[in-house]
Every structure is written in C-alpha cells, then in structure tokens.
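Accompanying notes for the structure given below.
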Amino acid sequence: MSQETPVAGGDRKGNAVLLRKGSAHKMALKEKIVQIYEAFFQGEDMSAGNANFWDELFLLKVNTLYIETECDKLTGDGLVQVKDNFNMMFERCVEVIKQDNSVRTVNAVHTLCALVRGIYRKSLKDNAFDAINLLIGFDNAESVFQSLVESFNRILSGDFPVALKQLLLKFMLVLVSVTENISQNTLLEYVLINSVYESLIAVLGSPVLRQALGVDAILLLTLLVQYRKHESANPYIVKLSILDDELALTGYAQVVSIALSDFNSDYKARGTEPQSGWFSTLANMVGNMFVGEEKEMAAVKANDSVLLALYEAIHLNRNFITALTHAHTPSIATTPPSSPATDIPPTGDSSGHSLDVQTSPEPDHLPTNLLVTFLEYTSIVIQDTKDETRYNNARLCLIIMTCIAEDQYANSMMHDINMNFRVPLHRLPMRHRKVKFEASPPSRPLACAVLDLMVEFIMSHLMKTMPVELYTRCLGICHRILCYQKKCRVRLQYPWKSLWTALINLLKFILSHENHLLKKSNVFHMCSKIVNIFNLFITYGDTFLPNPNSYDELYYEIIRMHQVFDNVYSM
C-alpha cells in the first residue's frame, strides 16, 4: 500500500514515511503498523485467517499519534461503525498484559493509552455516543476491567521491571483523568468495584518503589478519592481514612516532602542566581517580562497535585499527623573513613590555634519534617495571589494549615519546647523593606513559625484587591492556635507584639478603604474575627502569655491605638 507524496514530508507526523532510493517518483512506503491501523479504522478485521496476527501486532512499535489523530478525524457515525474493532483491540490489549512478554505488554499499554485518549477527546466534542460502549462494549466491560485491574495489581506488586510498573501507573492516570470533571468519568465505577488501593499502599510502603513510583501512586490515589466524594460512598475514602500502616503513612509523607522540598530548592536557586552587573540586571528584567512569570507559574502548577494529596491525607486520616510531624535528618553524602596512617592532623591558623572543624551541622542537614517543609513552601506560595492558579494554591495551603491547627496532637507537637526546628520562611520584598532570606533561622517550636507566617501574610497583602477569604482563613488559624494555648495553658515564648501590630494595621487598612472593600466582600466578618482574637488575649491572656510584661504591653498597644477600635465599633 504505497502512494505518491512530495519529498517534503508533510505527512511525517502521523505516518513514518520511507523514500525508496532511486525511484523517479519518490514512492513513499508507510510503516507496517500504519498500514494495519488504516485497515483497522476502515472497519476491516485483519486477524481473520491469521492466527498469529495479534502476537505479531504487539511486537511492532505503537504509533500513538496516528491512533489519536484518526479517532479525531472520524465522525460520530464513523466511530460507531468501527466499534467492534475498538472492542476487539481493547480486549486483546488486556489479554496481552496478562502475559509475561514485556515487549508486548509495553506496546499493549501504549495502545490502550492511545485508544482511551483518542475516543474520550472525541467524546468531549460530540456527546452523541458513549465512550465506554465504544471502547469495551457494555456487555464485556465488567469482565474486561476486572482482568485489567488484576493484571495491574499483579505487576505492581510482583517482581517486574520498575519501568513497566511506572508505565501501568501512567496508564491508570490517563484512564482516571480523561474527563475534565472526574466525577463524570464513569470508567471509574469499574475501578471502585475492582480496587487498586492495596497495590498503591504497597508501593508507598516500599522504600525502593516509592522513589520511582511514589508521586504517581499518591496522585492516582488522590484522584480516585475525588470521584463523587460528596455524592456516594467511595471505598477509597473509607480505606484511606482508616489506614494505620505506619510504613505506608511515612512513605506517603516522604513522597510529599520530597516534592515540596524540590520546589523550595528550585525557588531558592532562582533567587540566588549570580548577577554580573547592571547590564545583567536589565537583561533579566526584560527577559522576565516574557519568560519569568511562565517559569514560576509552571513551578507552582507542578505541585498542585502533591498539595491536594497532602490535603486529603491530613483531612481524612488522623494517623497522618504523626507522619507529618515525624522528625528526620535529610540524608547527606558520606565519605569512606580515612586510614589511620594517613590521617591529616588538625591545621591551625597563623596564631597557632587549632581550627575547630566539628561545627554545628549545616542548615540543610538539621532535623526536619514534612511540616517544616510545608511551612517553607507555604511562605513561597502565599507571596503572590494575583492570578487564579496561585490564589487557589495559597487557599489550599491555608486550608491545610487550618486542618493542622484544629488537631490536638498536631498542636501539642507544634508547642512542645523540646521539639525545636529551624523553619526558613521566605518574605516578599517591598518598597519599605529589603528582605534577605534567613538561611539559618533560630530553632523554635513550630507554632512560632506558623504565627510568623500568618503575620507575614497579614502585613504583605494590604491592598485594594484584598484576598478577603485568605485573610479570614489566616485569622481562623491564629484563633485556633490561641484557643489551644488557652485550653492547655501553654505559654509560648513568642513576640506577641508583632501579631498585635499586624492585626491593628489590618483594621486600620479596612477602615481606610471601607467603601471600596464593602462593594466586593463582607469585611465586617473579618473585623469581628480580629476583635475576637483581641478579646481572647484580654480575657484569657493570663493563662498563655509568657509573662506579666506581655500583658502590660497588650494593654499599652490597645490604649495607644484606641481610636482604631472606636472607629471599628462605629462602622
């Protein structure tokens, strides 16, 4: 099956074209796989009379682009006419995956990906047909999916190459996310009946597997949890909420921590790039007008799924709080011990004093945990909330912080004076301040870092386009922490004046722009929250403020700024 084509291969994207040497008309030869696909999309049964057809087909490299393109070209009626071939191809792919031939299995999975993407992309444009019926057929759907999920679980849990496990996870992600609204993806009904939960948890519990497969595993689990979560009983929600496997929970936390740490490291690397003078600065300013925003946005987007996975774990599973606050020391490169005979004696300075090389550990190698990493991540994300994507990221971070602040065990860990951590918080540079990143902040209880983060957000977003919802959540976090301190009589050594000043400045800003802000949101609710926080300090401050001087300072600030509070009551 050949055809004449010009030398310029305009058809190269869909078909791999081979030119016959010495041919006067440059006859183009198509790949064998493309010829088979052409017959397939014309409704022909290529396997008729050829018992080895399917074995041979899956030894050929898949052309996924051609399959997806041809699906897009067909009309709704055309797709229905090829339905039997789609059903047969899907079923044969599932049969091949059950075998132990890695080449055929890989090609079968790629074929399934192309079929699912191609047909569902077409179904988004034309709702006149049912994608499940086209792909599998209603009569066989349950048995075919049962076989597919069994093969998925067998390969993911068995002694198979990691690359093959990863490919199957990618396919499941394609399967789960083919519709814009995951609750409209009825394919997931079969994944609810035939569970992949145990296999995913086994991946997270394996130190070896979670390095390569951990992110895909938690992403798949998170997506499955989203399916009709508010409409019907979702077994993945139930199972995740009662998970008490410490190894799996720690693995889950480690995967999230590594992903967020990578984001933090990338952000710090971008902020510390060397500058070579005014020309470099000017070039960067011009370049960032076109590129910088896109790069930063991509970095934030890359962590959306991990952030959602963290939220689901904290929101659903109370046991996850232990993994969230579990302290560990980041692994560092080690060098083999030197031979005693070649040990180099300590060197001294010019005055003859020996230099003490056993200094305190580097900041990057100090004990840390997922909560420390998350707080640093949040300090980056909340800096800019102007566009919808970044706003939603900041909102989700504050929702996660709210869940943490509501948990009794998390609060006890955050206020434990015997569990101090260095939390590097990033601050937004402003006209009135030049912020230098503090690489080695003081070691304090984590509650101090949370309060610092809330104070920073309050002070850095005083603008006419005020993110009122984020402010409300921020005030809610402060209120919950204070309620815990009041209830448990915890006296946190914290400079409370910074919080009082931030709250008073917020009230002053609202009063100054009251008419403008009232058009867009209910600022009375936010003012009420601020007043409630001050009432908590006034009424119960003697139970949690560190010393009497703090109480005196509180009254001094309130009396000094009494005009602000008077104006609030007259709003």
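Each peptide in 156-162, 45-51, 450-456 receives the mean, over its residues, of other Cβ atoms within 10 Å, and ordering these scores from highest gives 450-456, 156-162, 45-51. Extending 7 Å from Cα along the Cβ direction at Asn505 and again at Leu59 yields two label points whose distance is 7.3 nm.
In terms of surrounding Cβ atoms within a 10 Å radius of their Cβ, Leu518, Leu173 rank from fewest to most as Leu518, Leu173. The slack in the chain from Ser512 to Ala51, taken as 0.36 nm per residue of separation less the alpha-carbon distance, amounts to 157.8 nm. Backbone N atoms of the stretch 368-391 closer than 19 Å to the 7 Å Cα→Cβ label point of Asp416 belong to residues 368-375.
The label point for Glu553 and the one for Glu142, both projected 7 Å from the Cα toward the Cβ, are 6.9 nm apart. The trypsin sites (Lys or Arg not before Pro) of the stretch 518-571 that meet both conditions, a loop assignment by DSSP and at most 14 other Cβ atoms within 10 Å of the site Cβ, are Lys519, Lys520.
Listing Tyr409, Tyr569 from fewest to most neighbouring C-beta atoms within 10 Å gives Tyr569, Tyr409. Spin-label model, Tyr311/Asp542: points 7 Å from Cα along the beta carbon direction are separated by 4.3 nm. Length available on full extension from Arg489 to Asn522: 0.36 nm per residue minus the Cα-Cα distance, which gives 8.5 nm. Ordered by the number of other Cβ atoms lying within 10 Å of each residue's own Cβ, fewest first, Ser305, Ser143, Ser521 fall into the sequence Ser143, Ser521, Ser305. Computed extension gain for Lys32 through Ile193, at 0.36 nm per residue and net of the alpha carbon distance, reaches 54.1 nm. Positive contributions from Lys and Arg (+1) and negative ones from Asp and Glu (-1), summed over other residues with Cβ under 15 Å from the Cβ of Asn522, come out at +2. From most to least packed by mean Cβ count within 10 Å, the peptides 34-43, 472-481 give 472-481, 34-43.
Sequence-ordered 3J(HN,Hα) estimates for the stretch 167-180 from the Karplus curve with 6.51, -1.76 and 1.60 and θ = phi - 60° stand at 4, 5, 5, 4, 4, 5, 5, 4, 4, 6, 10, 6, 10, 5 Hz, glycine and proline given as x. Overall shape: oblate for the stretch 31-232, with the ratio a/c of the largest to smallest alpha carbon gyration tensor axis at 1.5 or above and b/c at least equal to a/b.
Sequence-ordered 3J(HN,Hα) estimates for the stretch 226-239 from the Karplus curve with 6.51, -1.76 and 1.60 and θ = phi - 60° stand at 6, 5, 6, 5, 9, 10, 8, 6, 10, x, 5, 5, 4, 5 Hz, glycine and proline given as x.
Values quoted throughout were computed directly from the atomic coordinates according to the rules given, and no laboratory measurement underlies them. No experiment lies behind these values; they were computed from the predicted model shown. Glycine also receives a Cβ, built like all others from the backbone with ideal geometry; neighbour counts cover every protein chain displayed.
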